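Asks: Right, I'll just put the structure down here and ask away after.
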Amino acid sequence: MLGTIIGMIDSFEIMALSGSSQPHAVTGGVAEALIATAGGITVAVLTLIPYNYFLAWVERETEAIEQYATRLELMITAQPREGC
């Protein structure tokens with residue numbers, strides 16, 4: 001996002017300095033903004049894959065821990081108590 005914003009600011013600065021009669025002068029900043037946006041989307045997609053993998057792994061492990069905890073709780077409550 002920051003690269004996109006900087007590229008657009010550069011474009012508008014160039015346009016302000018050169019005047020609105022030269023729209024082709026703005027294309028460098030717009031190209032910079034588009035490249036930054038494409039890079040950001042690429043990084044986001046590439047990090048989404050391992051994030052989803054680890055999230056699914058954590059959910060599976062959490063479910064396993066909950067099952068073991070339930071079994072342990074049942075074993076503890078099923079044991080006869082001395083003195084009762």
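Here, each number is a calculation from the coordinates, and none is a lab measurement. Bear in mind that the values here come from a model prediction, so they are computed numbers and not experimental data. Cβ coordinates were reconstructed from backbone atoms using ideal geometry, including for glycine residues, and neighbour counts include every protein chain displayed.
Asks: Net charge within 15 Å of G28 by Cβ-Cβ distance, Lys/Arg positive one each and Asp/Glu negative one each, not counting G28 itself?
Replies: Computed value for this residue: -3.
Asks: Continuing with the same structure: In a solvent-free Debye calculation with one equal scatterer on each Cα, what is log10 I(q)/I(0) for region 24-80 at q = 0.26, 0.28 Å⁻¹, listed in the order of the q values?
Replies: -0.95, -0.99
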